[in-house]
Structures are given as structure tokens and as C-alpha cells.
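The values are calculated or read from the model by the stated rules, or taken from the named source; none is laboratory data. Since we're looking at a predicted model, the values are computed, not measured. No Cβ is skipped: glycine too gets one built from the backbone with ideal geometry, and neighbour counts run over all protein chains shown.
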Amino acid sequence: MPINCYDKGDVVVCDVVFKDEDDVVADPTSVFFVFMTPSGVQTTYIYGVDGELVKDSTGNYHVDVSADVEGQYHYRFYSTGTGQAAAEGQFLVKDSVF
């Protein structure tokens, strides 16, 4: 799986679609997002508590991550309760020559 590459200073949209056991888009009981910067700093957002974790429509959520540090970022969406699921991703941020 290729890693998406962004320029330092970009805003990276991380998104997910949750589906039920019948493959129908559905809202889980609770939705979480955690990401780790290249320096190892982890941040967690909870839907309904933190405004950074946005619900776009039923089952569709996103977080805008500020790519302000060069290196590899890792992220994970996960849910608990009804519709329990998880999805992970990563992206690379390259430094500017300026």
C-alpha cells in the first residue's frame, strides 16, 4: 500500500466510513480518532467531545490534521459498542527546501 506524501504546512484530511455487518453505512455507538506525529506525540479525539472529529453524514467522519512536522504520521479511527470497528492509515510529510 503506497503512502500518501504531503508538503510541510498542508492540512491532511483523514476520513473513515463505518458500516454494519450487512455492509450498510451506519453510526457506531462511540467514535474515536488517535494520531501520532513523527516525534511520537499522540493525540486522541472523541466524537461529540472534541470538535476536531467531525461527522459528515451517517457513518462518515473526518479529522483535519495539520502537517506541520516533517516525517511519518500514523492514525487510527475506531469505534466501540454497536458498530465496533477500526481502520488505520499513515502519511508522510516532506520538508520544504525553503
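Criterion applied to 95, 56 was being within 19 Å of residue 9 (Cβ to Cβ) and surrounded by fewer than 17 Cβ atoms within 10 Å (Cβ to Cβ), and the one residue passing it is 95.
For residue 40, indicate whether it is closer than 17 Å to residue 75 by Cβ and either part of a loop (DSSP other than H, G, I, E, B) or over 15 Å from the mean Cα position of the chain (by Cα) (or both). Yes.
Criterion applied to 12, 31, 49 was being at pLDDT 95 or above and either part of a loop (DSSP other than H, G, I, E, B) or surrounded by fewer than 14 Cβ atoms within 10 Å (Cβ to Cβ) (or both), and the one residue passing it is 49. The numbered conditions (1) surrounded by 13 or more Cβ atoms within 10 Å (Cβ to Cβ); (2) out of contact with any Ser or Thr (no Cβ under 9 Å at 6 or more places or on another chain) are all true for residue 83 except (2).
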